[in-house]
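Derivation of every value follows stated rules applied to the coordinates shown; laboratory data play no part. Please read these numbers as outputs of a predicted model, since none were measured by experiment. All Cβ positions, even for glycine, are placed from backbone atoms using ideal geometry, and neighbour counts span all protein chains on display.
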Amino acid sequence: MCGIVGILGTKPVALDLVDALRRLEYRGYDSAGIATIEGGLLQRRRAEGKLRNLSDRLSTEPLAGLVGIGHTRWATHGKPTERNAHPHMTEKVSVVHNGIIENFRELKEELTRAGAVFASDTDTEVVAHLITHEMKKGADPIAATKAALARLKGAFALAIIFAGHDNLMIGAREGSPLAIGHGDGEMFLGSDAIALAPFTSQITYLDEGDWVVLTRGSLDIRDRQGRRVDRPMITSQASGFLVDKGNHRHFMLKEIHEQPEVISHTLTNYIDMSEGRVNFPDIGLELAKITRVTISACGTAYYAGLVAKYWIEKYARVPVEIDVASELRYREAPLPEGGLAVFVSQSGETADTLATLRYCKANGQRIASVVNVRTSTIARESHAVLPTLAGPEIGVASTKAFTCQLSTLACLALALARAKGQISDDKERELVRALTEVPRHISSLLRDERRYEELAHYLSKARDVLYLGRGISYPIALEGALKLKEISYIHAEGYAAGELKHGPIALIDENVPVVVVAPEDELFDKTVSNMQEVHARGGQIILVSNVEPDATGCSVVAHLRMPAVHPFVVPLIYAIPMQLMAYHTATFMGTDVDQPRNLAKSVTVE
Ligand code: M6R
């Protein structure tokens, strides 16, 4: 997944392209590039690595031109080098692409036989050569693009410009998002409305299979069959201001500290505070009649879904089927007639989650999505949207989005439990009260980060770290391990504490820190037994608990002391030490916390 942008402007566009790309860097940051038309000829500048390298290149080698395209890359085909950076071009055509051209090998062979010379290892370059090939046969740019699009298989969003045509830009969408921005005598293309926010709030989203021919004064949208279609223009709420880090060293730290506030916002959306009861929106299904819920998501959002499974099954007594989206989609899971399928996604653009949503929709499910970006594709394709009010999350490691997803899903569980008659009014008030106390508990946890800084020295020396948890703490152990590995690059795995003895215990020795997530709940004693198994084998325990280590009979290398909280809200509270441990270890090690290697904020390829 990558970010793409295009501008048909009335003044030189190079710096505006870079500005838009800055807003798309969350989609990838392996390399960046722009192309413009100068004196009728295509010119480009590209640079390996972060966008600032491209900016530096442009300050010494500027580009003129009133029309241009830009790209920030998350490498799929070919190494993240300058040679593979977009835009890709021939003497006639320049193209930027987000997605994967699945049949690029056949096309490349065919075009090579016809004389094309490829200069990169990417799948994208075939698009430039394919259009050029059609143009050499006599087609004009529009007819050539139409013919080329008909031959592409896979997922793509494309922006294309043509030598000698400085009032023309073509965009196409098949499986990857693309928005048109309407300016005053100018036109824009972008992977999302956020990229275009400095220029315009008037946005038209292309549907799957659409392609658009833009000039400064016109747009002509066609569907997959080539029919002229109208797509609505909406006013986007995306802010023109780039979110900044404030006084924090990293976006991730800022976002960790925003949690008390954004969890409050999110809860207020689903709770009637004066009544102390859940006030859940109509999702177009009678909750009392739901007999099974299917949940699907990826990464951290999947772990939020896993917590929801424990909540919904325990409190609403409704069975929950959950799987990572990349698996659920392909295992042809049978789905109940008229069932509820819930998708969880911060970005709302994750390709695996979107594909699974479409599978469930095609199989008669009512679709509710828990998303942080309301204008996202997942939100737009859902029957009901349950927004998380986390605000923009910039750090690649998800933090505040996760706890806001949990907040929303907790309210869904309570709404279902009430509709099913599984909880009394008093019980509902007790659980709602526990939720409303979450921001206060998190605020007090965030007041003392020193112990995490101290622990970071110790963890930074580890090669492997294990995380253990039972019951509802198991997904938190998984999330803790994911947070640590993705930003510190230390190998970390989460296990259900009871599974330890079935294999992972072989890994334990005196060099392996083991983080034990052990709130005082009905499974505490069982978790302590597993902790003793670790202790007996020399494992170095980091206890995360409201119970003092003495009570466990184990010596520990660190105790992250937690407040005593209602068991219902344990996942929300215990997520915080997981985030802080990972953050401080990574910053101690000097990794790029906000943009860790090989990752991207929004994963729009399968
Ligand atoms: O935007 P989404 O919530 O759909 O993204 C899902 C995952 O890619 C995401 O949670 C990923 O695992 C994060 N980097 C975890 O911190």
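Any idea what the relative contact order of the chain is, in percent, if you count C-alpha pairs under 8 Å spaced at least 6 apart?
Working: 1409 pairs, mean separation 70.7, N = 606.
Reported as a whole number, the value is 12 percent.
Report the charge-dipole magnitude of the stretch 251-446 in Debye, nearest 20, computed about the Cα centre from +1 at each Lys and Arg Cβ and -1 at each Asp and Glu Cβ.
Approximately 220 debye in magnitude.
More than 45 angstrom separation, counting every C-alpha pair in the chain; what % is that? Before the final figure, lay out each step's value.
Working: 40161 of 183315 pairs.
Summing the P(r) of the chain above 45 Å gives 22 percent of all pairs.
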Cross-link partners of LYS245 among aspartates and glutamates (Cα-Cα below 18 Å; sequence separation of 8 or more within a chain): ASP19, GLU25, GLU255, GLU258, GLU261, GLU393, ASP592, ASP594
Relative contact order of the stretch 100-232 (C-alpha contacts under 8 Å, at least 6 apart) in percent is 17 percent
Cross-link partners among aspartates and glutamates for LYS137, C-alpha distance below 17 Å, same-chain residues fewer than 8 apart left out? GLU91, GLU110
Which pairs break 20 Å Cα to Cα here: LYS50/LYS601; LYS79/LYS136; LYS108/LYS136; LYS254/LYS483; LYS400/LYS483? LYS79/LYS136
For the stretch 1-146, with only Lys/Arg (+1) and Asp/Glu (-1) charged at the beta-carbon, what is the dipole magnitude about the Cα centre, in debye rounded to 20? 180 debye
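Work out, step by step, the length gained on full extension between ARG292 and TYR489: first 0.36 nm times the residue separation, then minus their alpha carbon distance; give nm to one decimal. Could you put the intermediate results ahead of the total?
Numbers: separation 197, 0.36 × 197 = 70.92 nm, distance 3.79 nm.
Between ARG292 and TYR489, full extension yields an extra 67.1 nm.
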Mean residue ellipticity at 222 nm from the helices of the chain, using -39,500 (n - 2.57) per DSSP H segment of n ≥ 4 over the full residue count, to the nearest 500 deg cm²/dmol? -10000 deg cm²/dmol
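So what is the relative contact order of the stretch 448-591, in percent, for Cα pairs below 8 Å that sit 6 or more residues apart?
Values: 280 pairs, mean separation 44.5, N = 144.
That works out to 31 percent.
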Test item: Cα-centred dipole of the chain, Lys/Arg +1 and Asp/Glu -1 on Cβ, debye: 780 debye
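Based on the Cα atoms of the stretch 1-113, what semi-axes does the equivalent ellipsoid have, where each is the square root of 5 times one gyration tensor eigenvalue, given in whole Å with the largest first?
On the way: eigenvalues 100, 60, 29 Å².
Three semi-axes, in Å: 22, 17, 12.
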Select from PRO62, LEU8, ALA35 the residue farthest towards the positive end of the dipole of the stretch 8-128; place +1 on Cβ of Lys and Arg, -1 on Cβ of Asp and Glu, and compute about the Cα centre. PRO62
Can you tell me which of 576-583, 203-210 comes out highest on packing, and rank the rest after it, using the mean Cβ neighbours within 10 Å? 576-583, 203-210
Starting from the Cα of LYS289, draw a straight line to each of the lysines and keep only those under 19 Å, dropping any in the same chain fewer than 8 residues away. LYS309, LYS314, LYS361, LYS420
7 Å from Cα along Cα→Cβ at both VAL229 and ASP244: what's the point-to-point distance in nm? 4.2 nm
Between the stretch 538-563 and the stretch 434-503, how far is it from one alpha carbon centroid to the other, in angstrom? 13 Å
Peptides 188-200, 531-543 ordered by average Cβ neighbours within 10 Å, highest first: 188-200, 531-543
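Cβ neighbours within 10 Å, averaged per peptide: list 225-234, 552-561 in order, most packed at the top.
Most protected by this proxy first, the peptides run 552-561, 225-234.
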Report the percentage of all Cα-Cα pairs in the stretch 448-591 whose separation exceeds 18 Å, rounded to a whole percent. 49 percent
Is the shape of the stretch 33-187 best called rounded, prolate or oblate, per the rule: a/c under 1.5 gives rounded, else a/b larger than b/c gives prolate, else oblate, with a ≥ b ≥ c the square roots of the Cα gyration tensor eigenvalues? rounded
Please list, in order along the stretch 163-177, the HN-Hα scalar couplings obtained from phi with the Karplus expression 6.51 cos²θ - 1.76 cosθ + 1.60 (θ = phi - 60°), rounded to whole Hz, x for Gly and Pro. 4, x, 10, 8, 10, 8, 8, 10, x, 8, 10, 8, x, 10, x
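What is the stretch 251-446 by shape, rounded, prolate or oblate, if you read a ≥ b ≥ c off the alpha carbon gyration tensor as root eigenvalues and call it rounded for a/c under 1.5, prolate for a/b larger than b/c, and oblate otherwise? Show your work: numbers first, answer last.
Details: a/c = 1.91, a/b = 1.14, b/c = 1.68.
The shape class here is oblate.
Can you list which of the DSSP-assigned H helices in the chain have a Cα extent of 27 Å or more along the long axis and an average Kyte-Doolittle score of at least 0.0?
Values: long enough: 400-419 (29 Å, 1.18); 570-589 (29 Å, 1.04).
Correct list, ordered by number: 400-419, 570-589.
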